[in-house]
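The values are calculated or read from the model by the stated rules, or taken from the named source; none is laboratory data. This is a predicted model, so every value here is computed, not measured. FYI the Cβ positions are ideal-geometry reconstructions off the backbone, even for glycines, and counts take in every protein chain you see. Note: areas computed on protein heavy atoms with side chains; ligands, DNA, RNA excluded. Shrake-Rupley method; radii C 1.70, N 1.55, O 1.52, S 1.80 Å.
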Amino acid sequence: MRRQAAAVAAVAAVAATAVAAALPSPQPAAAAGEKAAGEKNVAWTAVHRTGSPPEHPKEGDTWAVYADLQDAAGKPAGDGSAVCTVVLLRYEGVVAQCRYVLRGTDGTLVLESMENRFGRGPHRADAAVVGGTGTYAGAKGEVQLTIEPRRTLYRVQLR
């Protein structure tokens, strides 16, 4: 009986070791304000050159904006565009579905968002990174947008 219990204990110890070795080791979480491994942050400002939302929008109205991109230091960093469509008209403003293409010097990012454009602004929205080219090929992440009448601020967090 003792031999049988010892054999069972030995098998259990070997199985536990095999399971522990197969599990991925835990990775420490990034501290507040610290980037996790593989994360990249980009800050751009788009200075609008053409386009603006319609003055009296209706559902289905679309508008486009073309802009020059600047990096955080205010230096030229590429160009970009936005195309938005009004999907809901409300008394306080519109809900718009927007697609942004940001063409930087090292690649292109494509963003999608659904935005409440209520009141005079500035308007704030979150966008999903849905693709990219060059350095941003296969990119995933989120973007915080601040949309003003003559410029848009992009705070990009890539994973």
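I need a count of the residues in segment 64-97 that are under 17 Å from residue 155 (Cα atoms) and touching a Leu at 6+ places or on another chain (Cβ under 8 Å). Number of matching residues: 6. For residue 112, indicate whether it is touching a strand residue (DSSP E or B) at 6+ places or on another chain (Cβ under 7 Å), over 24 Å from residue 56 (Cβ atoms) and open to solvent by 60 Å² or more (accessible area, probe 1.4 Å). Spelling it out, it is not the case that residue 112 is touching a strand residue (DSSP E or B) at 6+ places or on another chain (Cβ under 7 Å), over 24 Å from residue 56 (Cβ atoms) and open to solvent by 60 Å² or more (accessible area, probe 1.4 Å).
Scan segment 44-69 for residues that are under 17 Å from residue 122 (Cα atoms) and touching a Ser or Thr at 6+ places or on another chain (Cβ under 6 Å) and jot them down. Scanning segment 44-69 gives a single hit, 46. The residues of segment 134-150 that are touching a residue at least 24 places away in the same chain (Cβ under 8 Å), part of a loop (DSSP other than H, G, I, E, B) and exposed (fewer than 15 other Cβ atoms within 10 Å of the Cβ), listed by number, are 137, 148, 149, 150. Flag set for residue 91, criterion: at pLDDT 70 or above and within 16 Å of residue 118 (Cα to Cα).
Filtering segment 98-107 for residues that are loosely packed, with under 15 Cβ neighbours inside 10 Å and closer than 22 Å to residue 39 by Cα leaves a non-empty set.
Return the only residue of 97, 70 being more than 19 Å from residue 115 (Cβ to Cβ), touching a strand residue (DSSP E or B) at 6+ places or on another chain (Cβ under 6 Å) and at pLDDT 95 or above.
On the way: 97 fails: more than 19 Å from residue 115 (Cβ to Cβ).
Result of the check over 97, 70: 70.
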